[in-house]
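Reviewing the structure listed below.
The values are calculated or read from the model by the stated rules, or taken from the named source; none is laboratory data. Here the structure is a predicted model, which is why all the values come from computation and not from measurement. Cβ sites come from the backbone with ideal geometry, for glycine too, and all protein chains shown count toward neighbours. Quick note on the areas: whole protein, heavy atoms, side chains included, nothing else; ligands and nucleic acids left out. Shrake-Rupley method; radii C 1.70, N 1.55, O 1.52, S 1.80 Å.
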Amino acid sequence: MTDLPGPTVLASDYFHSYSVVGLLAVIGVLFVAVAFGAGRLLRPVVPTPEKLLTYECGVDPVGEGWAHTQVRYYVYAFLYVIFAVDSIFLFPWATVFAAPGYGATTLVEMFVFLGFLAVGLLYAWKKGVLEWT
């Protein structure tokens, strides 16, 4: 006979890990709910016409409430997110690249990944998205 644990022991260990994560999630949600509830109960509620006005950096609001925003700002933000994700993927790659037996494979995979990003950056540059005029 073997001394291996039964499938119920393995399943209980497996679900114990998830129960810890679930318990932490519930505690986090309760913490936020208690903080918002305490804020609602403890804050003074004295609505005045001045408090109901729109606040714009200490200046009285003038004109309509709809402002047009240049699309290029969103494009710059999107490009930043792309390269931030790229930098996030570079750190685990560097640790796997240092492990024995993974060098050539991870090097090729990272160059393929960087190639996709370079093509996207080249496309944005050719379209004139990166021109600040």
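Taking the criterion of being open to solvent by less than 100 Å² (accessible area, probe 1.4 Å) and either modelled with pLDDT of 75 or more or of a type in the set (Val, Ile, Thr) (or both), the residues of segment 36-70 that qualify are Gly37, Ala38, Gly39, Val46, Pro47, Thr48, Thr54, Val59, Thr69.
Within segment 92-118, restricting attention to residues that are among the hydroxyl-bearing types (Ser, Thr, Tyr) and either in contact (Cβ under 8 Å) with a residue 40 or more places away in the chain or exposed (fewer than 12 other Cβ atoms within 10 Å of the Cβ) (or both), the residue that is nearest to Leu79 (Cα to Cα) is Thr95. Within segment 119-133, the set of residues being surrounded by 11 or more Cβ atoms within 10 Å (Cβ to Cβ) and either aromatic (Phe, Trp, Tyr) or part of a helix (DSSP H, G or I) (or both) comprises Gly120, Leu121, Ala124, Trp125. Here Phe31 passes the criteria (1) at pLDDT 85 or above; (2) hydrophobic (A, V, I, L, M, F, W, C); (3) open to solvent by less than 90 Å² (accessible area, probe 1.4 Å) except the one numbered (3).
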